[in-house]
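Notes follow once the structure below has been shown.
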Amino acid sequence: MRAASNRRAALRALSLENVRFAYRAIVTQKLRSFLTLLGIVAGVATVIAMVSFVAGFNNEITKAFTDFGTTLVQFQKYEPRFGGGGPLPEDQKKRRDLSLEDAQALKRLCPLVEAVSPERYLFGDAAASVTVKNRRGDEANSPAVAGVAPDYCRANNHFVVDGRFFTEADLTHASRVAVIGQDVVKALYPRQDPIGQEILLNGVPFRVGGVLEKKGSLIGGSNDNWFMIPITTFDEVFPQVKNGGGDTLHIATVPKDSARMNEMMDQETAILRARRGLRPNQPNDFAIFTSEAQLKTFQQVTNGIAGAMILIAGIALLVGGVGVMNIMLVSVTERTREIGVRKAMGATRRDIAAQFLVEAIALTGLGGAVGIVTGLGIATAVRLLFDFPAAAPLWSILLGFGVSTSIGLIFGLWPAMKAARQDPIEALRYE
């Protein structure tokens, strides 16, 4: 027991001695150590920052899709496209628009569906030309204008907190009633109850019937800047949209039982195919959008970007590792006489190898720590300046530090072995 205790004490003393050697070597050659660390710092900082951005983006997207319902199944004319760029394929342009009658058929014929919400939106130039004002002339900040039906709230998990939503009577009579988001309330009625107030949409008067609950922001954009009217009223005010001059009809649906979402989607697809006269061997002439599929698409894109950046960071770490190995080889050469003195005083090959390995690991570990702080600083600056929810998970910090110290172990191994193999007599003669 005493022998084992003595060995442990000797090992601790040797470890502390190696740490002191490493510290002295780094401090003695400050500029060289700093230049050696740059590659490690850049690589680790890039990894931490990119993981922070991707994690924050994924968390925000996941929250947004969760807020608007993870069981949403939406039918539309065009296939969903990430970013929405580029011309539409000709085969999609030739598709027939979905109609309000299609939405009514889904609600009537699909027993698994809980809510069916036909929706139209203003996009592009049509949306840019819209003005929403109160009678005093105060103007809202370009709210999104939508024509919706009573099932919108249940289909999109977006409810009113004050007043009421639209009724079937509003649709039947194309009522001039509006439901507005929190941003519109703040812009037009910051100090009074908006319910019953009059709002002018391109000069057309509407009465505020309800106010939507607050949803918050999504990647810098607001989910609360809404001006909603009955879809029949929308078609009267903006007939060009219904007649092909803008966006087409979207039909959002949700199941009564979330576990049967796919079964509901199959039933709805069969109903629409039958209404559109498609034969069994013909593909769908409409698009199906699901929250789950869209979430996976976003995550694939962000993971691809993160993978590319991590590859670049890996190259930086590799370059940093090679730099560490070169510097350690130079250090071994410069300290040849010191190695000879230590061996003459009884140091073993293992002791010498451990000394230089600890120095290499300490060097890259320091670079990793600086890189972690730099990466977290970048993420914090982006979060504060651009309101972007960058957040580095704990595993990325541990991974960054682990990778940096592993580089010191791997690339410091050859210089350590070279130092350990030095002949003590030849080393003592070295000038």
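Nothing in this text is a laboratory measurement; each read-out follows from the coordinates by a stated rule. Treat the numbers as computed from the prediction; the structure is a model and nothing was measured. Positions of Cβ are generated from backbone atoms using ideal geometry, with glycine treated the same way; all protein chains shown enter the neighbour counts.
Per-peptide packing, taken as the mean over residues of other Cβ atoms within 10 Å, places 46-52, 351-357, 267-273, 384-390 in the sequence 46-52, 351-357, 267-273, 384-390 from highest down. Over all orientations, region 96-285 has a Cα convex hull whose mean projected area works out to 11.9 square nanometres. Multiplying the residue separation of residue 38 and residue 308 by 0.36 nm and removing their Cα-Cα distance gives an extension gain of 95.2 nm.
Beta-bridge orientation, region 96-285: approximately 70 percent antiparallel, per DSSP, counting only bridges with both partners inside.
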